[in-house]
Amino acid sequence: MPVTVFRISEAAELLGVSADTVRRWVDAGRLTASRDEHGHRLIDGLDLAEFVRTEGTDTGASSARNRLRGIVTAVVKDTVMAQVDIQAGPFRIVSLMSREAVDELDLQVGSVAIAVIKSTTVVVERSTPAVANKGRTSS
């Protein structure tokens, strides 16, 4: 089975940090990297996964582990409820919450927010879904 390797910029995108941050981790010996024939640094996928497991983002005193940092792109409030849209990288997160919570957090368009997601149901899809009926014939 081939080993997945990531360039510094790809690892940075996956971890939600800058390429400079990943370079500093490599230079400090916190993350292992090798060089290809062109001198580009490559990080083995298994090493990257282990780094995230052992040194990943501090989650504080919460049981939720899914955190997406982004910019608030919309806030729609009525008298009781509010909808907050966050763009976290390529992901759009929409949250429905009380108007009181939005006011207390002072969530406004253009502010930075972290979507903390904890759910008993998480749907996982492949980035290129397989065709469901491929190879089947109808009777």
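Odds and ends about this structure:
- Subset of region 77-99 (residues that are over 17 Å from Gly16 (Cα atoms) and surrounded by 12 or more Cβ atoms within 10 Å (Cβ to Cβ)): Lys77, Met81, Ala82, Gln83, Val84, Asp85, Ser95, Met97, Ser98, Arg99
- Only one of the numbered conditions (1) surrounded by 13 or more Cβ atoms within 10 Å (Cβ to Cβ); (2) part of a strand (DSSP E or B); (3) not hydroxyl-bearing (Ser, Thr, Tyr) is not met by Val102, and that is (2).
Residue by residue, here is whether (1) at pLDDT below 75; (2) surrounded by fewer than 10 Cβ atoms within 10 Å (Cβ to Cβ); (3) not basic (Lys, Arg) holds:
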residue	(1), (2), (3)
Glu50	no, no, yes
Val72	no, no, yes
Val122	yes, yes, yes
Lys134	yes, yes, no
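- Residues of region 17-41 that are surrounded by 12 or more Cβ atoms within 10 Å (Cβ to Cβ) and in a loop (DSSP other than H, G, I, E, B): Val17, Ser18, Arg30, Leu31, Thr32, Ala33, His40.
The values are calculated or read from the model by the stated rules, or taken from the named source; none is laboratory data. Quick caveat, the model's predicted, so the values are computed rather than measured. A quick note on method: Cβ atoms are made from the backbone with ideal geometry, for glycine too, and the neighbour counts reach across all protein chains shown.
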